[in-house]
Every structure is written in C-alpha cells, then in structure tokens.
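Following: one structure in structure tokens, then a few remarks.
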Amino acid sequence: MYHAIKEWGGTPFGFIDDVTITVEDEKVQLTLPNGELREPQKEVKLLGITLNNLLDFKSHILNKINKARKAVGAIWHLGGVQKGMRGSAVRSLYIACVRPIVEYGLEIWHHKILKGEIHKLEVMQNMALRRIVGAYRTTPIAVLQKEAGIMPYSIRLKFMVARKAIRLHLNISKTNPINGHLLTLIEKSPIAKLTTLYMLAKDDRDYMIKKDEKRKCKRVEPLTLKQQQNQTIGILKKQAMEEWQEMYWNSSKDLWYHNITVESKCTDNLSKMVTGVIMKKDSRRILSNITQFRTGHGNFGAWFKKFGIEKDSYNCKCGELETVHHILVECPLLEEERKGLKRISPEMDMSTLLNSLTGLQEIVSFISAWRD
C-alpha cells in the first residue's frame, strides 16, 4: 500500500519503506440494551453536566458562561444610569437568576477550570455589577465589586466548593470512603485552612454552653448537625471575606475612592453596606449619582478631560475644573446648597459625607439641588 501511495503522489517519503499506515474503518457503533445502534459521541449530557471524551469540562463551562451572559443581557435592559429598577432588585436578580446557571455542578468541574475561563466569568459578572450600581464603564473592577457587595469569582468558586464538601462531610457516614476525598478537597482550598483545623478538632467542639433560664444556671449541650454545619461554614465565610479584602487592598483603584472608604470592609451583606439603604429605597438615578460621587467616575468635567472625551467645557460654571471635591467643597456658586453638608460635617470631611448613611442622605439632597 505504501508503494502505491508513493507512485500516486510521485514523491517518496523520507523514511524506510516498510512503514505501517493505519486506515480507519467506519465509526464503531454501540448496541444499546434496547437493541438500538448508536455511534459514539464526543459529548454527552448527564444530569445537566456536559461530558466530553477528554473529561476537561471545557465545553460545559463555556456553554454555561454564554448562557449566563445572555441572562445578564436581559438584566442589562432593566437598569441604566438614570432609569430602571432599584439597585437591590437588580442585584437580587443577578444572584437568583444568573449565578445558579454558572454554579450548577460546581463541585464536579471546578478542578478543571482554567484562569482564562475564570476571567470570562469575571467579565460576565462585571457587566452585571455596572448595572447594579449604575456605574460608568471606567470604574475599577475592585471598586465595583465592593460597591455592589459581590465577591470576585476567583474567590467565590473556592468558597462554594469547600462549602459543599463540608456539607457532604458532615452529612454522610464517617466510614464512607468518600470522606477522605472530601477532606483532601477542603485542604486544597486556600481559604479553608482554618476550617480543616476545625474539623480535625471537631470532637472537642461538638458541644455548646447554653443558659438555663429556669434553673438559673448554664448547661452543656451537644451541637446539632445543623449547628455544626453553620459554625464550620461561618469560619469558611470569614476566611473568604478576608481573602477578598486582601485582594481589594492589592488591586488598582483610584486614590479618591480609597481615601473615603478606607475604614469600610468588603462584604456581601447588603444590610452591612453603607450604600445598602440607598440601593433598597432610592431610585436608580439617585443610586447612580451616589456611585459617581463616591468613585469619581461620572458626569464631571474632570472625568471627561481625563479620558479624552470632547466636551464644550471641562470647567464648572464658576470657571474652575469640575471635580467632585470642587462641587462639594469649593464652588462659590453652591454655598447655599452646601449648608446641609456642613451640618453633617463642619470640616467637610469627604469620608464622613460620602461613607456614612447620614452623610449620603444629605448628599442626595445636595445633588438634587445641584443638578436642578
């Protein structure tokens, strides 16, 4: 056969003549139990998870990211910079409708996800973050995550996997061979180091001291399985928050935002966020204005000038460059509107005005008077 190929091609191969060339036959067909013949497929979906012949879950991950992007696209139309749903409603939609698309079966495919795929997840999430808080596109991602109270996916994926492993570990028999694998899975997660130590010393911590009101004394009671699970996951969540905070400190962000929020920590609990009340109660226009003033990225002359966007004038009506600090503190044309701000902070401290609930409420009144 080799000689026939050489004669047909007119050019000899650069290796010995006695070479073996394998010619593939037709695809092998498998006979199913019901007698049906089926050709092997490169991919198959089982319980919502797409498996391929390499078991790298790449097609599954990319498919879920694309579906999540479409869902974010639908949310995109519900909230803009000036009009749309309240920030808390858009945030709830993202958490309830988009995250489950991506995170389904996470414990199965997480170990195969690549940095490039995590980046695509972050890009998808960033689209939602801008809509949640009504931010401009130039706002740094680390700032968006903190403002929206949404954890970066690079941390959340590890947290979710470790949490699922802990739930399984506490709910199955100790003699189950999968327990060893679960502990290994938890140990590999950098944010679960304290959790692993907790679980290894669990026998000493399976009890709680409870106050007995009738007998006016304290008694020791064993922890229920649910209490053990919640306590362990609480430690894990604390570690995830600390890693998020460290990532935020090491990220690139504007000095303006850093200075006014230096005392506030990253959190995904809306009730603990300074802007949480505004996200829940105020309109999208107000939330977007607050976000612009807090981040410095918004409809200000200095912002247009910084990014080379043409405008009739980059200056305030008083003739000075229009910055957030100038509007709030320096502009002589806004002395009357500024009286409420001075009642909150006579020194006009930006952290007090822009990073406290009373300050933000007064800022809302100031912005309304200034815009009008």
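FYI, it's all coordinate maths here, none of it is from the lab. All figures in this text were calculated on a predicted structure; none of them were measured in a lab. Don't worry about glycine lacking a Cβ; one is built from the backbone with ideal geometry, like all the others, and counts go over all protein chains shown.
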Please report K317, K146 as a ranked list, fewest other C-beta atoms within 10 angstrom at the top and most at the bottom.
-> K317, K146
How do T358, T295 line up, fewest other C-beta atoms within 10 Å first?
-> T358, T295
Where a ≥ b ≥ c are root eigenvalues of the Cα gyration tensor, a/c under 1.5 meaning rounded, otherwise prolate if a/b exceeds b/c and oblate otherwise, the range 62-146 counts as prolate
Note down the nm distance, to one decimal, between modelled labels 7 Å out along Cα→Cβ at Q29 and at M127.
-> 4.3
What is the range 272-371 by shape, rounded, prolate or oblate, if you read a ≥ b ≥ c off the alpha carbon gyration tensor as root eigenvalues and call it rounded for a/c under 1.5, prolate for a/b larger than b/c, and oblate otherwise?
-> oblate
If packing is taken as the mean number of other Cβ atoms within 10 Å per residue, what is the order of 237-248, 277-288, highest first?
-> 277-288, 237-248
Sorted by mean Cβ packing within 10 Å, highest first, what order do the peptides 39-51, 331-343 take?
-> 331-343, 39-51
Order of W76, W249 under a 10 Å beta carbon neighbour criterion, fewest first | W249, W76
Along Cα→Cβ, 7 Å out, is where each label goes; now give me the distance between the ones at C97 and S368 in nm to one decimal.
-> 3.0
